[in-house]
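Scroll down for the structure; my scribbles are underneath it.
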There are 2 protein chains.
Amino acid sequence: MHSVELTKPDGRRMTLYARSPLPPGLEAPSPFPDPLSNGAHLRWHPLRGEWVTYAAHRQGRTFLPPPEYNPLAPMTDPANPTEVPVGPWDVAVFENRFPSLGGFVPPPPDLIVPTAPADGRCEVVVFAQDREGSLAGLPLDHVALLLQVWGDRTARLGAEDKIQYVLPFENRGAEVGVTLHHPHGQIYAYPVVPPVPARMQQVAGQFHAREGRSALSAHIEAERRDGVRMLYEGPHAVAFVPVCARYPYEVWVAPIRAVEGFTHLRDEERSDLARALKTVLMKFDALWDRPFPYLMAWYQAPTDRQPHPESHLHAQLWPPYRTRDRLKYLAGTELAAGFFAMDALPEEKAAELQQVEVTVS
Amino acid sequence: MHSVELTKPDGRRMTLYARSPLPPGLEAPSPFPDPLSNGAHLRWHPLRGEWVTYAAHRQGRTFLPPPEYNPLAPMTDPANPTEVPVGPWDVAVFENRFPSLGGFVPPPPDLIVPTAPADGRCEVVVFAQDREGSLAGLPLDHVALLLQVWGDRTARLGAEDKIQYVLPFENRGAEVGVTLHHPHGQIYAYPVVPPVPARMQQVAGQFHAREGRSALSAHIEAERRDGVRMLYEGPHAVAFVPVCARYPYEVWVAPIRAVEGFTHLRDEERSDLARALKTVLMKFDALWDRPFPYLMAWYQAPTDRQPHPESHLHAQLWPPYRTRDRLKYLAGTELAAGFFAMDALPEEKAAELQQVEVTVS
């Protein structure tokens with residue numbers, strides 16, 4: 001992996017990554033001349049016992065691009081600056097101009113609940129230069145590079161004292177609210193371990209204390225033995241519809257060995273994990289012969305410098321469709337109770353995806 | 001409150017409620033001749049430590065009504081049976097024909113994770129006979145009756161040994177997935193305390209042990225003192241945009257006294273709570289002069305026959321809109337991390353709702 005660190009004219013940091021060496025002289029553009037001057041703060045939710053972040057400046061974006069303008073395309077016209085330069089890079093990472101956490105962090109207001117600076121980081125990850133492409137369509141070694149980039153970001157962001165948890169994710173498709181179709185994801189680096197990973201760490205910690213291994217290791221072993229929901233089985237990585245799927249086409253992608261996070265992956269594990277991921281994404285897009293929307297989140301260990309033998313890196317992919325034409329809406333029982341109700345059996349949805357044949361290369 | 005208990009031809013239970021006495025001879029219709037014959041089961045999610053319910057029969061509903069057919073309208077034509085009879089009832093409650101919990105409960109399958117019978121209850125609550133109406137448009141004493149009905153359902157469902165938690169909720173609007181616009185809500189009675197109420201009970205229990213009162217009591221006191229986000233202040237009930245809102249137009253509605261649940265409300269508290277709720281719903285609909293979608297959930301104490309001085313009945317209303325034209329999508333940080341990011345300040349959204357004048361009668 002090759003990389004170069006740059007600073008944008010408005011002060012934001014950027015890193016370009018590539019499979020081949022990058023030439024000198026690359027510069028980081030920005031559509032925004034001025035540095036960030038207003039930011040977010042956290043408020044404590046006293047009934048749920050969690051933080052909420054407020055970034056009011058995001059709502060009032062002065063930046064209204066014409067529909068054909070793509071801020072994630074390489075900048076070819078200095079009169080229309082974008083976020084990324086021309087050059088032989090494969091993946092670009094930069095600080096979000098409208099961050100929910102970090103950037104310019106003002107002192108928090110004095111309110112009737114505890115408040116705190118929203119002192120984290122929000123990064124944009126441009127997966128590739130081609131705006132028409134998708135993660136599924138990238139060459140295997142490009143996908144593997146992305147996994148390596150997520151590791152590098154986890155290491156760099158996690159090295160900051162204030163950062164407790166690094167979550168790479170991708171929202172794909174208008175159905176999940178995405179308006180910019182250039183293939184990209186995001187990374188949130190939180191000043192706390194957020195509620196969902198915190199709960200998962202608690203559950204995994206109890207399992208590990210009792211059984212001496214990661215809960216996901218045990219689950220992967222059982223899924224492989226059962227076999228009926230498997231989508232990919234390689235020497236080092238697997239993908240399957242979990243027996244306890246909360247979304248009809250939910251898929252988990254994981255290394256077989258219980259590695260704590262991206263930085264712990266061996267080269268051969270990363271390659272096989274890339275193949276598992278690409279296999280799933282190609283099946284998704286081929287299922288209905290159209291781009292398949294999803295939310296993909298990668299869970300890993302907190303970045304608190306403690307050992308986390310209970311943590312087991314993996315992705316959970318949550319597509320919003322129940323069938324070709326019908327969305328699964330999260331409503332009363334899912335959102336208000338946190339109790340998911342499924343109309344489809346995971347075994348049926350796994351069979352649909354198993355029948356989709358794809359050639360991964 | 002007057003009520004009559006009936007049984008539908010397919011075996012489902014129904015209760016009709018009214019402000020005035022109900023005549024004898026009412027019968028409960030059903031569009032379905034046969035009793036329920038297949039049901040749901042629970043599977044354990046080993047990474048999140050929670051149950052998920054699977055009701056595959058819901059997907060394959062044989063029942064495809066024509067668009068003009070309204071199963072929640074009083075049945076006037078025996079050739080086209082609906083779910084409710086003609087008669088002077090105000091609110092009708094019946095068991096869902098396609099329940100995610102309860103109904104016919106088969107033995108759970110043997111799988112690689114723990115499974116259990118989906119032994120709860122799912123009820124439909126028809127708010128009124130007029131299909132064109134809405135909860136906001138009902139007379140105050142009809143809204144108060146609904147609060148009393150929720151109390152009666154909580155008492156009856158909670159009296160079953162297997163039921164641990166009763167959650168009344170309303171999903172309103174196509175934006176939250178509703179396809180049937182006759183005003184109605186649902187009640188889920190769970191065989192466990194589900195994840196979100198469980199977390200809230202834990203947080204509330206810690207607060208109560210430390211401070212000797214409910215967390216919501218303390219919060220209501222602070223909101224009233226602060227004043228800037230209040231929407232309704234009556235002698236016994238309040239409504240406000242909480243300082244820690246997770247949705248732009250989030251509103252909480254609560255009795256001022258820390259009553260554990262609907263069954264603990266005094267008459268004057270119930271009346272004022274109805275007024276608080278109706279005030280908020282009228283403001284919602286008046287804000288953009290169109291029906292305002294939302295998810296409304298009522299949190300109360302678990303039904304485990306233990307005292308719950310930490311519990312404080314209240315509704316949380318979560319509208320999906322950020323602005324008149326833009327939805328707030330729950331994506332990476334909200335769903336995968338459980339960490340909500342807000343673009344709008346609660347103070348701004350409260351001001352918008354405060355400026356909407358409504359006459360509640």
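The values are calculated or read from the model by the stated rules, or taken from the named source; none is laboratory data. Just so it is clear, the structure is predicted and the values come from calculations on it, not from any experiment. For neighbour counting, all protein chains shown are included, and Cβ atoms are generated from backbone atoms with ideal geometry for every residue, glycine included.
Whenever a residue of the range A:109-132 is free of Cβ contacts under 8 Å to residues at least 24 places away in the same chain, its partners that are in a loop (DSSP other than H, G, I, E, B), lying with C-beta atoms within less than 7 angstrom and at least six residues away or across chains, give the pairs A:ILE112/B:VAL243. Among all positions in the range A:321-331, there is at least one residue which is more than 7 Å from every other protein chain (Cβ to nearest Cβ) and polar (S, T, N, Q). Residue selection: A:LEU216 fails the criterion of being more than 12 Å from chain B (Cβ to nearest Cβ), crowded, with 18+ Cβ neighbours inside 10 Å and over 30 Å from B:ARG322 (Cα atoms).
When B:GLY173 is tested against (1) modelled with pLDDT of 95 or more; (2) within 29 Å of B:TYR321 (Cβ to Cβ), only condition (1) is not met. Here A:LEU335 meets the list (1) facing chain B (nearest Cβ under 7 Å); (2) farther than 21 Å from B:GLU50 by Cβ almost entirely, failing just condition (2).
For the range B:120-133, what are the residues that are of a type outside the set (D, E, K, R) and at pLDDT 95 or above? Give the steps one after another, and end with the answer.
Within the range B:120-133, the first condition is being of a type outside the set (D, E, K, R), and the residues that meet it are B:120, B:122, B:124-129, B:133.
If the condition is that a residue be of a type outside the set (D, E, K, R) and at pLDDT 95 or above, then B:GLY120, B:CYS122, B:VAL124, B:VAL125, B:VAL126, B:PHE127, B:ALA128, B:GLN129 are the ones that fit.
Residues in the range A:232-266 that are in contact (Cβ under 8 Å) with a residue 60 or more places away in the chain and either more than 14 Å from chain B (Cβ to nearest Cβ) or not in a loop (DSSP other than H, G, I, E, B) (or both): A:PHE240, A:VAL251, A:TRP252, A:VAL253, A:ALA254, A:GLY261, A:PHE262, A:THR263, A:LEU265. Within the range B:196-209, restricting attention to residues that are in contact (Cβ under 8 Å) with a residue 12 or more places away in the chain and within 15 Å of B:TRP298 (Cα to Cα), the residue that is surrounded by the fewest Cβ atoms within 10 Å (Cβ to Cβ) is B:GLN201.
Scan the range A:100-113 and tell me whether some residue there is closer than 30 Å to A:GLY49 by Cα and of a type in the set (Phe, Trp, Tyr). Break it down stepwise before answering.
First, the residues of the range A:100-113 that are closer than 30 Å to A:GLY49 by Cα: A:100-113.
Going one step further and asking which of them are of a type in the set (Phe, Trp, Tyr), we end up with A:104.
Checking the range A:100-113: at least one residue is closer than 30 Å to A:GLY49 by Cα and of a type in the set (Phe, Trp, Tyr).
Out of curiosity, is B:ALA92 in contact (Cβ under 8 Å) with a residue 24 or more places away in the chain, part of a strand (DSSP E or B) and either surrounded by 22 or more Cβ atoms within 10 Å (Cβ to Cβ) or among the hydroxyl-bearing types (Ser, Thr, Tyr) (or both)? Yes: the conditions hold for B:ALA92. The lone criterion from (1) acidic (Asp, Glu); (2) surrounded by fewer than 18 Cβ atoms within 10 Å (Cβ to Cβ); (3) at the interface with another protein chain (Cβ under 7 Å from one of its Cβ atoms) left unmet by A:GLU352 is number (3). Within the range B:70-118, the set of residues being at pLDDT 95 or above, over 26 Å from B:LEU145 (Cα atoms) and among the acidic types (Asp, Glu) comprises just one member, B:ASP110. Restricting A:VAL193, A:VAL178 to residues that are assigned to a loop (DSSP other than H, G, I, E, B) and at pLDDT 95 or above narrows the list to A:VAL193. Among the residues here, B:ARG153 does not qualify as within 19 Å of the chain's Cα centre (by Cα), basic (Lys, Arg), within 13 Å of chain A (Cβ to nearest Cβ) and closer than 25 Å to B:ASP304 by Cβ. Within the range A:315-328, is there a residue that is over 19 Å from A:GLY137 (Cβ atoms), in contact with a Ser or Thr (Cβ under 8 Å, 6 or more places away or on another chain) and touching a residue at least 40 places away in the same chain (Cβ under 8 Å)? Within the range A:315-328, not a single residue is over 19 Å from A:GLY137 (Cβ atoms), in contact with a Ser or Thr (Cβ under 8 Å, 6 or more places away or on another chain) and touching a residue at least 40 places away in the same chain (Cβ under 8 Å). Per the conditions (1) surrounded by 20 or more Cβ atoms within 10 Å (Cβ to Cβ); (2) within 14 Å of chain A (Cβ to nearest Cβ), the sole criterion not satisfied by B:LYS278 is (2).
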